[in-house]
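Here is the structure we will look at.
Bear in mind that the values in this text are calculations on the coordinates, not laboratory data. Only a predicted model underlies this, so the values are computations on that prediction, with no experimental measurement involved. Here the Cβ positions follow ideal geometry from the backbone for every residue, glycine too, while neighbour counts run over all protein chains shown.
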Amino acid sequence: MIIAIIILSIALICSLYANYNILKKYERGEEYITNLETWFVQFSKTITNMNKEMEKIDKRGAFSSDDEDLFEIIKILKALRDLLFLRLGIKKFEN
């Protein structure tokens, strides 16, 4: 009888330890997903705002009609720069 109690106690302790570890891993994963969602929303807003600003600058369409490929590359580079500054907590880069 005592042996059964000891074995069940050890099994219970192992089960509690395993459940605790799984809970911690789940919480870390949940936090990672939340951070990733936040980053994605910020990145999307940065891209949207960058596109609006570029459209304001190019009211006549001179940039986009001259060289569409170069214009797209510049937009991508500026978006990545702004995102990097946002992630690093640096104020927006002013030209």
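Brief remarks follow.
- Stokes-Einstein D for segment 2-88, Kirkwood Rh over Cα pairs, 20 °C, 1.002 mPa s (µm²/s): 123 µm²/s
- The GluC sites (Glu not before Pro) of segment 1-36 include none that DSSP puts in a loop with a beta carbon having at most 16 other beta carbons within 10 Å.
- Listed peptides 9-20, 71-82, 35-46 appear in the order 71-82, 35-46, 9-20 once ranked by packing, highest mean of other Cβ atoms within 10 Å at the front.
- Residue 2-residue 34 pseudo-label distance in nm [points 7 Å out on the Cα-to-Cβ vector]: 4.9 nm
- Count, lysine Cα pairs under 29 Å in segment 2-88, 8 or more residues apart or across chains: 10
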